[in-house]
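See structure below.
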Amino acid sequence: MRGSPSKDTDSSRIPSFRPGTLWSRIVERSRLAIERGALRNIDTEQLFVTEAGVEFVVRAVSNLARKEKHDRTQHADGADRGPNPFSPPEPELLVAAASDSHWAVLNKFNVLDHHLLLVTRKFEHQETLLNTSDFDALWRCLNEYAGLGFYNGGAVAGASQAHKHLQLVPLPLADKGPPIPIETALPTARDDVGPAGLPFRHAFATLEPTATNADALHERYKNLLDKTGITALEGNDGMRQSMPYNLLVTREWMLLVPRSRECFDTISVNALGFAGSFFVKESRQFRIIEQTGPMSVLSAVALPSR
């Protein structure tokens, strides 16, 4: 692909994508990264469990052991990238500059094809509150193709890296049902920020795509934080969140869920769980979700309604 980064590419010289070109860049960079062994697809089987009118998709992962082994060792090329794989991003995975403040980088171990990470160019901690620059990068990418943006606010919310990064996956999330399974439980219209009827603490707001920009998204986000009881704590590196949370963002709505713990039994839950999509490593974990009920699993790792 013309302009694609290579092993010796200076990431600071990677240009921003032109409007209407991001999807083709992601597809081409994914192809090249797979060819070079930089991108490791994780094979899954889609299973479905229905609770509370929502048909959740559960992906049974067949080769997560490969990722876990990789996390404990060096990269395939023998280079130890240290504790922060985003500083700098792996050249083969770098798609484009998402904005002046963020890189668009492929998720090295992707369960969903074309899974994009929006990584701050300069280090910011994952527990610092999102700002207008974060939403500017996300909104620019969301306007390129149908996708779901999400954020895991801290390790308890499912974040695996401390370097601030939002994420974006293409829709639909499953082979059947609505593009985002949880949408069947969400209201179709709402004028204000408030609860959406889910059985755990959360706040929901609709968006008007033609009237939305980074500033408007940031204001909505702050309203969601306020409604769920999350406050700003002053830290040495900026304003930090008072508790972990997950955030989902589409071009039509935002959903924020405070978290109480990362796992239900041995099943780690991140923001995609609250979109209606789980990942499991083994059949035992699927049986746990099936027997407990996926909405009940979400209630167990979120905070109770107030």
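Pairs Lys176/Lys227; Lys108/Lys164; Lys164/Lys227; Lys108/Lys227; Lys164/Lys281: which exceed 28 Å Cα-Cα?
Checking Cα-Cα distances, Lys176/Lys227; Lys108/Lys227 exceed 28 Å.
Quickly estimate the mean residue ellipticity at 222 nm for the chain, helices only: each DSSP H run with n ≥ 4 gives -39500 (n - 2.57), and the total goes over all residues, rounded to 500. Write out the running numbers ahead of the final one.
Values: 7 runs with 71 residues, N = 306.
Using -39500 (n - 2.57) per qualifying helix, the result is -7000 deg cm²/dmol.
When the dipole is taken about the Cα centre of the chain, and only Lys, Arg (+1) and Asp, Glu (-1) are charged at their Cβ, what size is it in debye, to the nearest 20?
Magnitude of the dipole: close to 420 debye.
Over the chain, what is the percentage of antiparallel beta bridges among all DSSP beta bridges, to the nearest 5? Show your work: numbers first, answer last.
On the way: 48 of 55 bridges.
In the chain, DSSP labels about 85 percent of beta bridges as antiparallel.
So how do Tyr145, Tyr151 line up by other beta-carbon neighbours within 10 Å, fewest first?
Values: Tyr145 15, Tyr151 26.
With the fewest neighbours first, Tyr145, Tyr151 line up as Tyr145, Tyr151.
Would you mind putting 267-275, 255-263, 206-214 in packing order, based on average other-beta-carbon counts within 10 Å, highest first? Provide the component values of the computation, followed by the final result.
Working: 267-275: 23.4, 255-263: 20.4, 206-214: 12.8.
In descending order of packing, they fall as 267-275, 255-263, 206-214.
Exposure proxy check: Arg201, Arg29 ranked by fewest other beta carbons within 10 Å? Each step should come with its number before you reach the end.
Numbers: Arg201 22, Arg29 25.
With the fewest neighbours first, Arg201, Arg29 line up as Arg201, Arg29.
Each value in this text was obtained by applying a stated rule to the coordinates, not by laboratory testing. Remember, it's a predicted structure, so these values are computed and weren't measured experimentally. Virtual Cβ from ideal backbone geometry, glycine too; neighbours counted across all protein chains shown.
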